[in-house]
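Undergrad: Structure below; questions to follow.
The values are calculated or read from the model by the stated rules, or taken from the named source; none is laboratory data. Fair warning: this is a prediction, and the values are worked out from it, not measured in the lab. Here Cβ is always computed from backbone atoms with ideal geometry, including for glycine, and neighbour counts include all displayed protein chains.
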Ligand SMILES: *Cc1c(COP(=O)(O)O)cnc(C)c1O
């Protein structure tokens with residue numbers, strides 16, 4: 001009989017992994033204090049004290065700016081909202097194009113549509129899975145108004161190079177840094193290298209406030225435009241003395257004092273939470289590098305990777321079995337992995353049917369941009385054949401458990417010949 005758990009052997013990881021939780025007693029007490037005060041939000045939607053939020057919102061934003069080393073932080077109720085505010089602040093509108101990667105959460109590519117602009121997809125790099133700078137350069141057109149780079153899985157995109165490229169072309173670079181708190185490129189935090197950087201504080205990220213997002217910028221004008229979009233811009237532009245009225249219609253993207261209270265506590269423990277994920281993933285990478293057909297995550301020189309995902313590449317030709325069979329066997333051993341991340345976004349019905357705002361195909365009807373399958377071949381190969389992922393932000397794994405995960409991986413790898421044709425059995 002085989003030793004592999006998938007064929008009835010004893011699993012290498014005997015118990016299911018505990019869930020990761022970053023929330024503790026400090027957060028509970030901070031929320032209780034706000035609730036007892038009776039003032040759950042300090043925001044006013046008019047031009048008076050409170051337009052920029054209550055006391056804890058101010059404090060949270062100040063402390064976030066200090067921690068990440070940026071001039072302004074604008075808190076919002078999600079990273080999705082943050083991307084909408086950022087794209088609006090950048091002045092994106094109908095007729096414009098925004099270059100984005102196809103391998104990311106859908107919000108990245110949808111944010112330009114909120115202003116009647118279309119996303120143009122640039123392919124990704126096969127080692128970091130982040131947007132390919134050279135493909136961005138090829139796709140810049142006279143219509144390009146902004147680029148959104150995603151620091152995917154917690155590894156920075158080529159941010160300094162992309163910023164230089166964007167400045168040369170007079171366009172805005174936005175970082176979607178939802179997955180990369182404390183990631184770094186060349187000594188600077190991801191989320192602070194582009195003109196605007198957007199963080200997520202949703203439940204699945206390294207630290208969270210349930211729902212939430214933070215937008216960082218050093219630019220006074222972009223900061224104010226995001227604050228206006230966050231809070232009913234149209235009602236206050238006169239008093240605020242704003243003369244560029246583009247996209248100055250606002251939403252309600254505000255957070256509560258309770259969210260800010262939780263965020264202030266989460267920020268205090270961010271190093272501990274990020275470092276714990278980093279340590280385990282570095283151990284997995286060190287111990288599992290060099291296995292035939294397996295490539296552990298690459299960390300580019302000068303970068304800090306914070307591992308929202310630990311992303312392994314599988315070469316089925318060298319491995320001798322499919323990624324799917326390998327992943328199935330790993331899961332049976334108690335090492336939770338999955339194949340691929342999100343489908344390349346241009347394959348979504350939104351782009352295939354070219355239907356977004358209303359029923360007439362706007363804004364795609366105004367654009368020649370195409371979304372054919374095969375558009376980004378590297379992304380498609382990674383998604384459909386090579387990428388296998390473990391989610392460190394889902395599980396609370398210490399170094400002893402990491403040893404078990406490593407044993408599970410080695411065991412499946414050693415017995416991989418038994419997995420040939422597993423799909424058919
Ligand atoms: C989670 C995530 C978002 C959206 O974050 P929300 O706060 O849930 O809106 C956007 N982009 C990426 C890359 C993400 O991982």
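Undergrad: How about the range 175-196: which of its residues are within 12 Å of the ligand (Cβ to nearest atom) and either at pLDDT below 95 or outside any loop (DSSP other than H, G, I, E, B) (or both)?
TA: Within the range 175-196, 175, 176 qualify.
Undergrad: Residues in the range 114-121: is at least one away from the ligand (no atom under 13 Å from the Cβ), assigned to a loop (DSSP other than H, G, I, E, B) and farther than 22 Å from residue 84 by Cα?
TA: No.
Undergrad: Quickly run through the range 207-239 and pick out the residues that are surrounded by 15 or more Cβ atoms within 10 Å (Cβ to Cβ), part of a helix (DSSP H, G or I) and in contact (Cβ under 8 Å) with a residue 60 or more places away in the chain.
TA: Hits for the range 207-239 are 222, 223, 225, 226, 227, 229, 230, 235, 236.
Undergrad: So if I check each of 145, 163, which one is in a strand (DSSP E or B), in contact (Cβ under 8 Å) with a residue 24 or more places away in the chain and away from the ligand (no atom under 16 Å from the Cβ)? First the steps, then the outcome.
TA: Values: 163 fails: in a strand (DSSP E or B).
Of 145, 163, the one residue that is in a strand (DSSP E or B), in contact (Cβ under 8 Å) with a residue 24 or more places away in the chain and away from the ligand (no atom under 16 Å from the Cβ) is 145.
Undergrad: Output the residues belonging to the range 390-425 that are over 17 Å from residue 286 (Cα atoms) and part of a loop (DSSP other than H, G, I, E, B). Break it down stepwise before answering.
TA: Of the residues in the range 390-425, the ones over 17 Å from residue 286 (Cα atoms) are 391, 393-396, 412, 414-425.
Matches in the range 390-425: 391, 393, 394, 396, 415, 420, 421, 425.
Undergrad: Still on this structure, please answer the following. Select, from 130, 70, the only residue that is touching a strand residue (DSSP E or B) at 6+ places or on another chain (Cβ under 7 Å) and closer than 18 Å to residue 154 by Cα. Can you show your working first?
TA: Working: 70 fails: closer than 18 Å to residue 154 by Cα.
None of the others qualify; the one that does is 130.
Undergrad: Now for a different question. Being in a helix (DSSP H, G or I) and touching a strand residue (DSSP E or B) at 6+ places or on another chain (Cβ under 6 Å), is that true of even one residue in the range 299-321? Explain how you work it out, then say what you get.
TA: Taking the range 299-321 as the starting set, the residues that turn out to be in a helix (DSSP H, G or I) are 316-319.
Going one step further and asking which of them are touching a strand residue (DSSP E or B) at 6+ places or on another chain (Cβ under 6 Å), we end up with none.
For the range 299-321, residues in a helix (DSSP H, G or I) and touching a strand residue (DSSP E or B) at 6+ places or on another chain (Cβ under 6 Å): absent.
Undergrad: What residue, among those in the range 188-206 that are more than 13 Å from the chain's Cα centre (by Cα) and closer than 17 Å to residue 91 by Cα, is surrounded by the fewest Cβ atoms within 10 Å (Cβ to Cβ)?
TA: Once the filter is applied, the top-ranked residue is 195.
Undergrad: If you don't mind, there's one more thing I want to ask. Quick check on residue 111: is it more than 29 Å from residue 268 (Cβ to Cβ) and either within 10 Å of the ligand (Cβ to nearest atom) or surrounded by 21 or more Cβ atoms within 10 Å (Cβ to Cβ) (or both)?
TA: Values: more than 29 Å from residue 268 (Cβ to Cβ): yes; either within 10 Å of the ligand (Cβ to nearest atom) or surrounded by 21 or more Cβ atoms within 10 Å (Cβ to Cβ) (or both): yes.
So residue 111 passes the test.
Undergrad: Quick check on my filter: what residues within the range 240-255 are out of contact with any strand residue (DSSP E or B) (no Cβ under 7 Å at 6 or more places or on another chain) and part of a loop (DSSP other than H, G, I, E, B)?
TA: Selection gives 241, 242, 243, 244, 245, 246, 247, 248, 249, 251.
Undergrad: Test residue 382 against the stated conditions and say whether it is touching a strand residue (DSSP E or B) at 6+ places or on another chain (Cβ under 6 Å) and crowded, with 19+ Cβ neighbours inside 10 Å.
TA: Details: touching a strand residue (DSSP E or B) at 6+ places or on another chain (Cβ under 6 Å): no; crowded, with 19+ Cβ neighbours inside 10 Å: yes.
Spelling it out, it is not the case that residue 382 is touching a strand residue (DSSP E or B) at 6+ places or on another chain (Cβ under 6 Å) and crowded, with 19+ Cβ neighbours inside 10 Å.
Yes or no, residue by residue, for (1) within 23 Å of residue 109 (Cα to Cα); (2) modelled with pLDDT of 95 or more; (3) within 16 Å of the ligand (Cβ to nearest atom):
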site	(1), (2), (3)
204	yes, yes, yes
208	yes, yes, yes
218	no, yes, no
232	no, yes, no
236	no, yes, no
248	yes, yes, no
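Undergrad: When only residues in the range 126-135 that are within 15 Å of residue 381 (Cα to Cα) and more than 16 Å from the ligand (Cβ to nearest atom) count, which is surrounded by the most Cβ atoms within 10 Å (Cβ to Cβ)? Before the answer, list the steps.
TA: Pass one, the range 126-135, residues within 15 Å of residue 381 (Cα to Cα): 126-132.
Filter once more, so that each one left must be more than 16 Å from the ligand (Cβ to nearest atom): 126-127, 132.
Numbers: 126: 17, 127: 13, 132: 21.
This residue is 132.
A quick yes/no check of all residues on (1) in contact with a strand residue (DSSP E or B) (Cβ under 9 Å, 6 or more places away or on another chain); (2) free of Cβ contacts under 8 Å to residues at least 40 places away in the same chain:
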| position | (1), (2) |
| --- | --- |
| 13 | no, no |
| 18 | yes, no |
| 45 | yes, no |
| 58 | no, yes |
| 79 | yes, no |
| 104 | yes, no |
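Undergrad: Working only within the range 329-346, note down all residues that are crowded, with 18+ Cβ neighbours inside 10 Å and either part of a helix (DSSP H, G or I) or within 25 Å of the chain's Cα centre (by Cα) (or both). Even if it seems obvious, please write down each step before you answer.
TA: Keep residues of the range 329-346 that are crowded, with 18+ Cβ neighbours inside 10 Å, which gives 329-330, 332-335, 337, 339-341, 344-346.
Once the filter is applied, which keeps residues that are crowded, with 18+ Cβ neighbours inside 10 Å and either part of a helix (DSSP H, G or I) or within 25 Å of the chain's Cα centre (by Cα) (or both), the range 329-346 yields 329, 330, 332, 333, 335, 337, 339, 340, 341, 344, 345, 346.
Undergrad: A further question follows. Scan (1) in contact with a strand residue (DSSP E or B) (Cβ under 8 Å, 6 or more places away or on another chain); (2) within 15 Å of the ligand (Cβ to nearest atom); (3) more than 26 Å from residue 124 (Cβ to Cβ) for the single condition residue 152 breaks and write down its number.
TA: It fails just one condition, (3).
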